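All of the numbers you see were taken from the coordinates with simple rules; none came from a lab. Keep in mind that this is a model prediction, so the values were computed, not measured. Positions of Cβ are backbone-derived with ideal geometry, glycine not excepted, and every protein chain shown enters the neighbour counts.
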Amino acid sequence: MNTFESVKGKVAVVTGATSGIGREIAKTFAANGMKVVLAGRNEERGAKIVNDIKANGGEAIFVKAEVRNEEEIKKLIDAAVEKYGKLNVMVNNAGVTPPLKPLHEYDLAEFNRINEINYTATFLGTKYAVEAMLKTESRECSIINIASASGLKATECFCLYDASKHAVVGLTKSCALNYAKHDITVNAICPGVIDTEIFANAPEEVREINKKSVPMGRFGRPEEISYMALFMATDMARFMTGSIVTVDGGFTGGDHNEMPWGTPDPRDLH
Ligand SMILES: NC(=O)c1ccc[n+]([C@@H]2O[C@H](COP(=O)([O-])OP(=O)(O)OC[C@H]3O[C@@H](n4cnc5c(N)ncnc54)[C@H](OP(=O)(O)O)[C@@H]3O)[C@@H](O)[C@H]2O)c1
């Protein structure tokens, strides 16, 4: 029977691993015996996370990479193969959110910046990872794209982010077909509102609005995304490809209203 043990020894690259969701994915992978190559621009944070992983008995290195730069993404993948000899898992996670405003108030530079980080980098990360996976004849490989609930459902004044994440969803499905017969699965996770640095410094009012939009009534925790990524990397998920998986407390399930119940919740009676 396959188990989570099946990820032991697999080599993974995680972009945007210096913060939030990427950091938790890197830590969860390492805690389960994977060799992890963390990428980001902030070397100090990267080095600290690598030290923490090693202090807990894990294996990891940090590679500085700006995901808007094709050459740096290529070097990141090369560094993983050079260090560990293969590549099994690529997590395209680095991403940014633009300020909320209507479409006509954005300029082309902002449009290009959001697309380059959220979408183009997913294309480049996948391209060079797949080339490395095929070249090194790595087995049971996975591309894991961190899209967003915004890749499935639009939010007013969020058009650049929504569009870039819808693009990631489309790329994931199409790519999955390309490699379905080549031992490389391609899936996306669509997180809902997750309590990372994106929300850490947001005004309480903004935090409240976001919290209320979630049927479960709370922010998700970054590690709750990492558990899905871990599952996608295991041998238990080998028949799963082209899947777009929401982890969002019910956010994309439908429109959420706070309706009082006609009958009391029995748990409230105690
Ligand atoms: N938090 C949420 O509620 C939420 C919801 C849905 C989807 N997501 C998606 O989840 C992913 C991670 O988000 P998060 O909340 O964990 O964000 P975060 O805490 O702000 O982390 C973003 C990461 O991306 C990296 N990054 C940003 N721009 C980069 C660039 N140009 N080149 C290289 N790395 C870059 C940052 O590293 P450096 O600063 O070191 O470069 C950082 O590690 C994103 O794709 C985001 O869209 C988040």
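Residue 123 meets all of the listed conditions (1) of a type in the set (A, V, I, L, M, F, W, C); (2) over 15 Å from the mean Cα position of the chain (by Cα); (3) assigned to a helix (DSSP H, G or I) but one, namely (2).
Considering the conditions (1) under 23 Å from residue 19 (Cα atoms); (2) away from the ligand (no atom under 11 Å from the Cβ); (3) in contact with an Asp or Glu (Cβ under 8 Å, 6 or more places away or on another chain), residue 194 is excluded by exactly one of them, (2). Yes or no: residue 133 more than 20 Å from the chain's Cα centre (by Cα) and not in a strand (DSSP E or B)? It is false that residue 133 is more than 20 Å from the chain's Cα centre (by Cα) and not in a strand (DSSP E or B). Confirm whether residue 101 is surrounded by fewer than 16 Cβ atoms within 10 Å (Cβ to Cβ) and part of a helix (DSSP H, G or I). Spelling it out, it is not the case that residue 101 is surrounded by fewer than 16 Cβ atoms within 10 Å (Cβ to Cβ) and part of a helix (DSSP H, G or I). Residues that are assigned to a helix (DSSP H, G or I) and under 20 Å from the mean Cα position of the chain (by Cα) within the range 208-218 comprise just one, 210. All of 152, 160 fail the test of being within 11 Å of the ligand (Cβ to nearest atom), in contact (Cβ under 8 Å) with a residue 60 or more places away in the chain and of a type in the set (A, V, I, L, M), apart from 152.
For residue 230, the conditions (1) closer than 30 Å to residue 100 by Cα; (2) outside any loop (DSSP other than H, G, I, E, B); (3) not aromatic (Phe, Trp, Tyr) all hold with the exception of (1).
Comparison of 178, 201 shows that the only residue that is within 12 Å of the ligand (Cβ to nearest atom) and more than 20 Å from the chain's Cα centre (by Cα) is 201.
Within the range 219-250, being under 14 Å from residue 148 (Cα atoms) and more than 17 Å from the chain's Cα centre (by Cα) holds for one residue alone: 250.
Note on the range 94-112: among residues that are of a type in the set (D, E, K, R) and in contact (Cβ under 8 Å) with a residue 40 or more places away in the chain, the one that is farthest from residue 12 (Cα to Cα) is 101.
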